[in-house]
Amino acid sequence: MTLAIHLAYWQQTIVKSIAVLLCVLLPAGAFVNLFLFKMSSFMQSRLGPMEAGPHGQLQLLAEVGKSLQKEDIVPAKADEKLFKLAPYLIVASVLLVYVVVPFGPDAYFTNLDVGIFYALAVSSISVIGILIAGWASANKYSLLGGLRAAGQLIAYELPMVLAVVGVVIQAGTMNMQGIVAAQANGEIFGLGAIGNPYILTQFVGFMIFLIAAQAELTQTPFDMPVAESEIVAGYMTEYSGLRFLLFFIAEFASVGAFGALAATLFLGGWYLPGLDLTANYMNVVGPLILFTKIIVIAGVIFFVRFTYPRFREDQLQKVAWTFLIPLSLANIFLTAILKVVF
Amino acid sequence: MPPKPKVPGLIKGLGVTFKEMTKTMFPNEGLKKLIPSPSKGAHTVQYPHVKEAPPTRARGVIALLEENCTVCMLCARSCPDWCIYIEGHKYKAPPRREGGKERTVSALDRFDIDYALCMYCGICVEVCPFDALFWTPEYEYSEPRIADLLHDKERLGEWMDTVPEYEPYEAGSEAKVKKLPKKGAK
Amino acid sequence: MTAVSDRQQLQYIAGQAADARVNVELETEGMTLNLGPQHPATHGTLRIIVKLDGEQVVSADPVMGYMHRGYEKLVEVRTYPQITTLINRIDWLSSFANEVPFILAAEKLMDVEAPPRAQWIRTILFEMARVANIGLFLGEMGLQLGAMTAAFYAFRDREFVLNQIEAVTGGRFHPNFDRIGGLKDDLPKGWIDETKRVMQRMREFCDEMEELLVGNEIFQARMRGIGVIPAEIGLSYGLSGANIRASGVDWDIRRDSKLSPLPYDQLDWQVWTHPDGDSFARYWVRMQETREATKLVDQLLDGLPGGSIMAKVPRIIKVPEGEAYVETENPLGAMGYYIVSRGDLGPFRVKIRSASFNNVSIAPWVLRGVYVPDVITILGSLYFILGDIDR
């Protein structure tokens, strides 16, 4: 790291751990405040929370404080160890995804050569967490929610991976920094002014990635696992207090994680055309640019979430297996051909 | 049979919510359109900072004009919940003229309405033949203790200050607008 | 190849036997799920005991009575004005519509007819109650399916109708406005113009719901073909209102059985039916009914006759001996009151025929073999109110 002071390895680890926690909490808090409290409220002709702080900006603190002081309830028949383990698994998987996202030329936690492969693999750990939560709650509604989640999340892993393969083919590398550099330095039909953000050439892949991400995050219209009007809260029914807060944070933080992946893969990451790719000040400006792009993508995700009704489970699976996967396979085919030809 | 929509329905749905969001955030007309003022655009008001006035006929609370009450007990008898408690006594008043008979006058001892039981139906107000009970649109009288919801004579008399005047009727109606009795006129 | 060799036949039989063994070993138990009295989807405290095989329903059993308030016993000791207050609360979303059949039955027994202005205002309030109730259904069906924004729009636009009802009667949900022989009071000044504006607003709301929900492919995929009720089955279970009209039966009490005092035959309106009989048909029929009701209110407001609003009835009302049954087309279906009178201040016995009780009785039949999400869709599209079921 090109810092003015020299830190020992263990000090760097501490800084990185705090930074990754911040990375998770900051987007989660921003999304809850901006989208859940304000955007959904304005869509519904109301104002949202207004009492805590000016225009309700401190409502987040109030919610956290409220959740922390609640009674710790574990159902009598629940499998205690698994019940307590589940939220931590999901939060851990979200934290691990942020580790490979590059925030600037030198601002990253680690620069794996299989960056995107690792990110997609690690995001699947949350499926285990959801299944454990559903089973260990000793509640039929939770069980239904957990089983639905298992089917849905596994089904939608495939379109997501296949959509990303198109980007990898075009970039030529799985390294996240490499993908950002490829988009920055690339050209479209000879015009290099704005680089080559893959949303333009991989538009189909982008749409598939967004739809699959919506399903991975169990947001409406793919929120069968947490279908509020049917199975109360799905796999989260029996959780309260701090554990529910962890689920909540994990849900919104994973929106941020997938938004970060989408921004890096399709929108150009921390780079804006016209800026320097290797300068030192980009370590400060880069995160801001990336954050803006994450907010745009999260805005789209939440906008769709608050508008549409939800799919039924078998319709969900049909969309994944008969529509998205063939489309993404065709996308890969076309990308490979065009990459060789041009 | 509804016709097949031309624009894909999914996009139109997004358009509806987007339009509502912008309507809430930018409700001003003309040049000021770009200034966001969601407090004005939203359909909700921030109670208790802003209070909306209910219509004139809204059934908020019942007020008692004690001078008009003759303890006929019609209201207590016609209440579906039997939530009006009345006690009175008769006393002999001196005759109006010289050499006349003594008059029996009813006096009201106790007139309580239990708002924990009251169904806000208005039958008592309607059947009172002497115009002693009136509706007012006041609604902010909730109490921390249920026992405090029993309003006695004095409290019901205080509500009389909030009774609004009767509204004029629509054209074509034959009903006559009633007038509020002035206090002290009996 | 025409002949199957012996070896292949043997293999086939062995395969079948192996399958049978596996099926017996993996015999799965069904799960009994309690869509219990407290649940976000049932409109109140309805309990449905559902036996599931995976996500498919094997049998469904509604258990009612968690909200029974004993109306028919309560009204035995009350007078007619007091009963009018109580019955407002049977179907709490359609405020005025609960009182209409009761008052009509009592007027039939007393052989008194309210003046024309009162009948027209009664019909206006009746149709406004329909707009308010079914308008809420249009948005809240989206909520059952997951589109929470639609429900907020429904509540927001319903407020305008409730404000109008409050301006004239004094109460939003429980107007308590109908009296034997007429109405309690007349319309305040400016009410007619404002109500016309509100009805125009409700028409725009219906258009908004059409764009937001009806045109939505996800909504159609969830609702089309789900919960098909053929017309004969529906009629044999006693379905009424929009539920049976969505199965193609052209039956509307307002037009067919001559609610003679109410001026429906003098107005220009139509009855909507749909041949499919699935949940989408029920939703669509109700949307068209709401639009029709707003047009009815506009016509009624335009043609409102002048005059008094109360006929000559004695102060203390004693209904003469006899029995009368009047059924009207309430927002939820056909609601009727059967009054048995012995000449007293109050009735001897009142039997309340509520629409939702019969509407929900079809649940065991229609819920066989559907998935769990479809249970919510079907129950939502049948649209019952618990107060109406349990009384």
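The values are calculated or read from the model by the stated rules, or taken from the named source; none is laboratory data. Quantities reported herein were computed from a predicted structural model and do not represent experimental measurements. We place every Cβ from the backbone using ideal geometry, glycine too, and count neighbours over all the protein chains shown. The protein model used for the area step is the full one, side chains on, heavy atoms only, and it has no ligands, DNA or RNA in it. Shrake-Rupley method; radii C 1.70, N 1.55, O 1.52, S 1.80 Å.
Some points to look at:
- Test: C:GLU166 is open to solvent by less than 50 Å² (accessible area, probe 1.4 Å), charged (D, E, K, R) and either at positive phi or touching a Pro at 6+ places or on another chain (Cβ under 6 Å) (or both): yes
- Looking across the range C:218-239 at every residue that is touching a Pro at 6+ places or on another chain (Cβ under 7 Å) and not aliphatic (A, V, I, L, M), the one that is surrounded by the most Cβ atoms within 10 Å (Cβ to Cβ) is identified as C:PHE219.
- Selection from the range C:161-170 of residues that are out of contact with any strand residue (DSSP E or B) (no Cβ under 7 Å at 6 or more places or on another chain) and either among the charged types (D, E, K, R) or over 25 Å from C:CYS206 (Cα atoms) (or both): C:GLU166, C:THR169
- Scanning the range B:130-145 for residues that are at pLDDT 90 or above and open to solvent by 60 Å² or more (accessible area, probe 1.4 Å) turns up B:PRO144, B:ARG145.
- Of the residues making up the range A:290-312, those that are within 14 Å of chain C (Cβ to nearest Cβ) and of a type in the set (Lys, Arg) are A:ARG305, A:ARG310, A:ARG312.
- C:ARG158 being closer than 24 Å to C:SER356 by Cα and either away from chain A (no Cβ under 14 Å) or in contact with a strand residue (DSSP E or B) (Cβ under 7 Å, 6 or more places away or on another chain) (or both): no
- Hey, C:GLY215 touching a Ser or Thr at 6+ places or on another chain (Cβ under 7 Å), closer than 30 Å to B:GLY13 by Cβ and surrounded by fewer than 24 Cβ atoms within 10 Å (Cβ to Cβ) or not: no
- Residue check for C:ARG282: at pLDDT 90 or above, surrounded by fewer than 20 Cβ atoms within 10 Å (Cβ to Cβ) and away from every other protein chain (no Cβ under 13 Å): no
- Enumeration of residues in the range B:34-86 that are within 17 Å of the chain's Cα centre (by Cα) and open to solvent by 40 Å² or more (accessible area, probe 1.4 Å): B:LYS51, B:GLU52, B:ALA53, B:PRO54, B:THR56, B:ARG57
- Every residue from the range C:184-202 that is surrounded by fewer than 16 Cβ atoms within 10 Å (Cβ to Cβ) and more than 13 Å from every other protein chain (Cβ to nearest Cβ): C:ARG197, C:GLN200
Yes/no per residue for (1) buried (at least 16 other Cβ atoms within 10 Å of the Cβ); (2) more than 21 Å from C:LEU187 (Cα to Cα):
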| site | (1), (2) |
| --- | --- |
| B:TYR91 | no, yes |
| B:TYR115 | yes, yes |
| B:VAL125 | yes, no |
| B:ASP148 | no, yes |
| B:TRP159 | yes, yes |
| B:LYS176 | no, no |
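- Verdict on A:LEU47 being farther than 25 Å from A:THR218 by Cα and open to solvent by less than 20 Å² (accessible area, probe 1.4 Å): yes
- Across the range C:165-177, the number of residues qualifying as in contact with a Phe, Trp or Tyr (Cβ under 7 Å, 6 or more places away or on another chain) and within 11 Å of C:VAL100 (Cα to Cα) comes to 1.
- In summary, strands (runs of 3 or more DSSP E) completely within the range C:297-361 and bearing 3 or more residues that are open to solvent by 40 Å² or more (accessible area, probe 1.4 Å) occur at C:322-330, C:349-353.
- Residue ID - most open to solvent (accessible area, probe 1.4 Å), chosen from residues in the range C:42-56 that are under 25 Å from C:PHE137 (Cα atoms) and in contact with a strand residue (DSSP E or B) (Cβ under 8 Å, 6 or more places away or on another chain): C:ARG47
- So C:LEU345, is it within 14 Å of another protein chain (Cβ to nearest Cβ) and among the aliphatic types (A, V, I, L, M): yes
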